[in-house]
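For reference, the structure is listed below as structure tokens.
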Amino acid sequence: MSIEQNYLIAKKQYEKWGIDVEAALEKLKRVPISIHCWQGDDIGGFEVEQQALSGGIDVTGNYPGKATTPEQLRSDLEKALTLIPGKHRINLHAIYAETEGEKVDRDQLEPKHFQKWIDWAKSHDLGLDFNPTFFSHPKAEDGLTLSHPDKDIRDFWIRHGKASRRIAEYIGKELGSPTLTNIWVPDGYKDIPSDRLTPRRRLKESLDEIYADEIDERYNLDAVESKLFGIGSESYVVGSHEFYLSYALKNNKLCLLDSGHYHPTEVVSNKLSSLLLFSDKVALHVSRPVRWDSDHVITLDDELKEIGLEIVRNDALDKVMIGLDFFDASINRIAAWTIGTRNMIKSLLYALLMPNEQLKTYQEQGNFTDRLAVLEEFKTYPFGYIWDYYCQEMNVPVGMDWLDEVREYEQVELLKR
Ligand code: RNT
Ligand code: ZN
């Protein structure tokens, strides 16, 4: 049976529930996913004096072929983008600046250092997002940046934050689509602190300084990302969830939820509805923690499906800015991007193909029997046929055909590095 025939059979089954499959696919086409560039080079970046990865995050594995130049990284991203249906965005970090061999410290970065990324994004019709890099730097060695007791160190990082917003504003203006600039700092303590308030007060004041600059919201949106713990900050993280949730709400910033940054049974899917009642936009770093914030490639697991459902059910496809954040160096990195991003899109499609209104009605009526029965029934619906058809329509490989392309690229490109 052909892809079309399978699709038509599947479509009929969904239509019995009043689901408009074509409308679902149209909606899906318009959802951009912000794909993190750092999966391609294990968060190395291209600074002239490259520093070891720090900040309590870690990339494990030594699969061959990681990108070692901006050109390689862009070409790898291009390859991945041909395997992923839809129009998406690329998420950059400040360490991906291109300074023509000149040592430019983070507080001195300028828009011109991202011109090549911008030109590339333009030529591929991609949006860009941005992150100041508050780790992998001598001034982050103490595990403290914006909350550091030393004013000079804080000021350095404040300047970096300001520079990043200016760069992001320029990028957004150039590309005609606002850049999401996300601040995450690793600040915290390994052991039980004797003062939790002072570092948090300093972080708050540093953020206030960074955000004091007027930056045009048409070109730049600001987000703040919290965390529970990291390697070396097991007992206390300055920028906790409550800290940033409060900061974001009070200062009109986006709260960015990383699905690896909570207690093991605490889920981001359950937070979205609450945040959406109090802010216009919410940002996500979709990741997969395995026992800790390990940033495994996202799989189509229950939580990813639940995230997709919460976005779709709450009619929040244009309110939740979906970004990815995983990095696995033990597998082919282009496959990692492809598998993870396709899974994110699949979770949205899965959600778009649910009888969400009907399910809401069951709940309102107290009819929990039908609610459970239908939720379970749809798990074995022919979702894969719709997905295959979508891939075909979007001119990307169907099923696992993408893997052959990755294997070929590995032979002709990655293994030669
Ligand atoms: C770290 C945060 C942060 C980073 C990236 C590289 O725990 O999740 O978002 O992963 O900025
Ligand atoms: Zn993150």
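Within the chain, the selection of entire DSSP H helices by a Cα span of 30 Å or greater along the long axis and an average Kyte-Doolittle value of at least 0.0 returns an empty list.
Ignoring ligands, DNA and RNA, what accessible area per residue does the stretch 326-417 give at 1.4 Å, in Å²? Working shown, then result.
On the way: 4320 Å² over 92 residues.
Result: 47 Å² of accessible area for each residue.
Computed from the C-alpha gyration tensor, the three semi-axes of the ellipsoid equivalent to the stretch 46-111 are 23, 17, 13 Å, from longest to shortest.
Evaluate the Debye formula for the chain with equal point scatterers sitting on the alpha carbons, no solvent, and hand back log10 of I(q)/I(0) at q = 0.07, 0.08, 0.10 Å⁻¹, in q order, two decimals. Per q value, in the given order, log10 I(q)/I(0) is -0.34, -0.44, -0.69.
Rolling a 1.4 Å probe over the protein chains gives LEU197 an accessible area of about 110 Å².
Think of it as helices only: each DSSP H run of n ≥ 4 in the chain is worth -39500 (n - 2.57), and spread over all residues that comes to -13500 deg cm²/dmol at 222 nm.
A Cβ-based charge dipole, computed about the Cα centre of the stretch 1-127 with Lys and Arg at +1 and Asp and Glu at -1, lands at about 740 debye. Computed over protein heavy atoms with a 1.4 Å probe, the carbon and sulfur contribution to the accessible area of the stretch 322-417 reaches 48%.
For the stretch 161-265, the per residue solvent-accessible surface stands at 45 Å², with DNA, RNA and ligands left out and a 1.4 Å probe.
Partner lysines whose Cα lies under 28 Å from the Cα of LYS151, excluding those fewer than 8 positions away in the same chain, are identified as LYS103, LYS139, LYS162, LYS190, LYS204, LYS227, LYS250, LYS253. Ignoring the sites themselves, the chain has its longest run without GluC sites (Glu not before Pro) in a DSSP loop having at most 13 other Cβ atoms within 10 Å at 267-417. Of the accessible area of the stretch 1-110, with the probe set at 1.4 angstrom, what percent is carbon plus sulfur? For the stretch 1-110, the apolar C and S fraction of the accessible surface comes to 48 percent.
Computed over the alpha-carbon pairs of the stretch 263-417, the distance histogram in 5 Å steps reads 2, 8, 15, 18, 19, 16, 11, 6, 3, 2, 1, 0, 0 percent, short to long.
The values are calculated or read from the model by the stated rules, or taken from the named source; none is laboratory data. Nothing here was measured: the structure is a model prediction, and the numbers come from that model. A quick note on method: Cβ atoms are made from the backbone with ideal geometry, for glycine too, and the neighbour counts reach across all protein chains shown. Side chains included, ligands, DNA and RNA excluded: accessible areas come from the protein's heavy atoms. Shrake-Rupley method; radii C 1.70, N 1.55, O 1.52, S 1.80 Å.
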